[in-house]
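**Q** Following this message is one structure expressed as structure tokens.
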Amino acid sequence: RKVMLIGHEKGHDTQSRIRHNFGMGKPEGYRKAVRLMEMAGRFGLPVVTLVDTSGAFPGIEAEERGQAEAIARSTEACLALPTPMVAAIVGEGGSGGAVALASAERVLMLEHAVYSVISPEGCASILWRTGEKAPLAAEAMKMTAQDLLELGVIDRIVEEPAGGAHRDRRETALALGAAIAQELDALGKKSPAALRKMREDRFLKIG
């Protein structure tokens, strides 16, 4: 099956993480994602996104290059796609930087991944003016896959191998691939208008 695959890359060691900006997307990255989604629409390709970011890069240089506009355009491109889209939260889904690639009609999440509008430490510093209450903030934010499935923010949890996805990356990839394939099979029968309506309803519901 041919798909357009878009995702975040965090890196696996210090040097690769620095090279990939720790998975924090810059305006240029989101604009590239928009171009790829538009190409997928033209060629009738489903879009699969793999989300793993603490959020979009918040540096002043990113703001000067239009970070907010780029995130908004990426979200808009997701919602406008005429082809099926499945997003998977594979590690960390943070704030608008994640939503910009996860405004899909079906959102999957690895069993031990997290998805939230802000980090627990950031939330605690705002509400209680101390990072020491991060565990309390994490519980209140309902950021786990189990909580988000119950709230209807995601649609499906993909089980990880014993000990976590990092213990057996191949098994995790196979399980995630099978789940994505099942979702694409179901979505392939829907019209472009129905797909857009599904995304719009999801986007409005989580807001």
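**Q** How big is the shadow of the Cα convex hull of the chain, averaged over all directions, in nm²?
**A** For the chain, the mean projected area of the Cα convex hull comes to 12.1 nm².
**Q** From the phi angles alone, apply the Karplus equation (6.51, -1.76, 1.60; θ = phi - 60°) to region 37-52 and give each ³J(HN,Hα) in whole Hz, x where the residue is Gly or Pro.
**A** My calculation for region 37-52 gives 5, 5, 5, 4, x, 5, 9, x, 9, x, 10, 10, 10, 10, 9, 8 Hz in order.
**Q** So what is the relative contact order of the chain, in percent, for Cα pairs below 8 Å that sit 6 or more residues apart? Could you put the intermediate results ahead of the total?
**A** Working: 368 pairs, mean separation 37.5, N = 207.
RCO, the chain: 18 percent.
**Q** Cα centroid distance between region 90-126 and region 7-74, in Å?
**A** 14 Å
**Q** Right, next: Which far-off residues, 5 or more places away or on another chain, put their amide H under 5 Å from the one on Glu105, with H placed in the peptide plane?
**A** Met85
**Q** Net charge near Glu111, counting Lys/Arg +1 and Asp/Glu -1 over other residues with Cβ under 9 Å of its Cβ? Show your work: numbers first, answer last.
**A** Working: positive: none; negative: Glu159, Glu160.
Net charge around Glu111: -2.
**Q** Given only helices, namely DSSP H runs of n ≥ 4 each adding -39500 (n - 2.57), what is the per-residue ellipticity at 222 nm of the chain, to the nearest 500 deg cm²/dmol? It would help to have the intermediate numbers written out before the result.
**A** On the way: 10 runs with 107 residues, N = 207.
Calculated from helices alone, the mean residue ellipticity at 222 nm is -15500 deg cm²/dmol.
**Q** How would you rank Ile154, Ile6, Ile206, going from fewest to most other Cβ atoms within 10 Å of each one's own Cβ? Show your work: numbers first, answer last.
**A** On the way: Ile154 25, Ile6 22, Ile206 17.
Ascending number of Cβ neighbours within 10 Å: Ile206, Ile6, Ile154.
**Q** Could you derive backbone 3J(HN,Hα) for region 171-185 from the dihedral phi with the Karplus parameters 6.51, -1.76 and 1.60 (θ = phi - 60°), listing whole Hz in sequence and x where the residue is Gly or Pro?
**A** With coefficients 6.51, -1.76 and 1.60, one gets 4, 4, 4, 5, 5, 5, x, 5, 5, 4, 4, 4, 5, 5, 4 Hz.
**Q** Apply the Karplus parameterisation 6.51 cos²θ - 1.76 cosθ + 1.60, with θ equal to phi minus 60°, to every residue of region 149-158 and state each ³J(HN,Hα) to the nearest whole Hz, in sequence, with x for glycine and proline.
**A** The phi angles translate into 5, 5, 7, x, 6, 10, 10, 7, 9, 9 Hz.
**Q** Please list the non-local residues whose amide H lies under 5 Å from the amide H of Gly93, H modeled 1.01 Å from N, same-chain partners needing a gap of 5 or more.
**A** Result for Gly93 returns Thr53, Val114, Tyr115, Ser116.
**Q** Under the rule of at least 5 residues apart or a separate chain, name every residue whose amide H is placed under 5 Å from the amide H of Gly59.
**A** none
**Q** So what is the diffusion coefficient of region 1-121 in µm² per second by Stokes-Einstein at 20 °C and 1.002 mPa s, using a Kirkwood Rh over Cα pairs? Don't jump to the answer; show the numbers that get you there.
**A** Values: Rh = 14.3 Å.
Answer from the Stokes-Einstein relation: 150 µm²/s.
**Q** Quick one: net charge around Glu121, please, counting Lys, Arg +1 and Asp, Glu -1 for every other residue with C-beta under 15 Å from its C-beta.
**A** Numbers: positive: Arg129, Lys133; negative: Glu92, Glu132, Glu139.
Counting the neighbours of Glu121, the net charge comes to -1.
The numbers here are math on the coordinates, done by the rules we state, and not lab data. In this text, all values refer to a predicted model and were calculated from it rather than measured experimentally. Counting neighbours? That spans all protein chains shown, and the Cβs are built from the backbone with ideal geometry, glycine included.
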